[in-house]
C-alpha cells in the first residue's frame with residue numbers, strides 16, 4: 001500500500017534532506033511550501049518529493065492543502081523539522097491500514113536533551129488532559145505524526161487553518177465515533193528554530209488557537 005506523507009513546511013531547508021532520505025519505501029512525501037523564503041521547495045523537488053504551494057499563512061492551511069493534493073487513501077502527517085524520524089511512520093500507519101484504528105497519533109517521547117522545551121511540554125500536558133476528559137480517548141500528546149484515511153478526513157469538514165487544525169481533527173474524529181489511539185515515537189531536537197515551541201510567544205499563540213477550537217467544539 002502506498003502512503004502519502006504530508007509535510008507542511010515553512011523554511012525547512014536545513015532539515016528536509018535528512019527527513020526525505022529516511023522516508024520508508026512506499027511512503028510518498030508531499031512537501032507543502034507554506035510561503036517559504038528559503039530553498040525548501042527547490043530542494044524538495046531535487047530530492048524527488050511532490051511539492052504543493054500554499055501561499056496562505058497557517059499550519060492548518062498547509063496541512064489541508066497537502067490533504068487535498070494527496071492521492072493515496074492512507075495518509076500521514078508529520079513535521080519536516082527533523083524532530084520526528086520518518087522511520088517511525090509504519091508504526092503509526094499500520095493500525096489504520098489493518099483496520100484497528102481510525103486515527104493514530106504518535107505520542108512524542110524525547111530521546112535527546114533539549115528536544116522538548118518545558119513550556120511546550122507543559123502546554124501539551126494541559127491540552128492532553130482536557131482531550132482525555134472531552135473525548136474519552138487515552139491520549140497524552142497531540143502528536144504531530146499521525147495517520148488516517150484520506151476520504152474519512154475530508155468528510156470531517158475541517159475548517160481551522162491555523163495551529164488549531166490538529167486539535168480540530170481529534171475533536172471532530174471523536175464526535176464522529178472514530179477509534180483514536182496513540183503509539184510512542186521518538187522525539188529529537190529539531191534543526192533550526194521552531195515557529196511554535198522555539199519561543200514562549202509561539203507556544204502561547206498555538207495555545208490561544210487551540211483554546212478557540214476547544215470553545216467552538218464545546
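Worth pointing out:
- Computed [θ] at 222 nm, deg cm²/dmol, the chain (DSSP H ≥ 4; -39,500 (n - 2.57); rounded to nearest 500): -11500 deg cm²/dmol
- Whole-Å distance, taken between Cα centres, linking region 1-35 and region 67-140: 16
- Contact order, relative form, for region 1-77: 41 percent (alpha carbon pairs under 8 Å, 6 or more residues apart, mean separation divided by residue count).
- Viscosity 1.002 mPa s, 20 °C: Kirkwood-radius Stokes-Einstein D of the chain over Cα pairs, µm²/s: 125
- Volume per residue of the convex hull around the Cα atoms, evaluated for region 16-67, comes out as 75 Å³.
- Cα-based Kirkwood hydrodynamic radius, region 71-186, one decimal, Å: 14.5
- Calculated from the alpha-carbon coordinates, region 62-110 shows an Rg and a Dmax of 11.6, 32 Å respectively.
- Normalised by the number of residues in the chain, the average gap of Cα pairs under 8 Å and 6 or more apart makes the relative contact order 24 percent.
A short reminder: the numbers here are calculations on the coordinates, not readings from a lab. For clarity, every value in this text was computed on a predicted model and none was experimentally measured.
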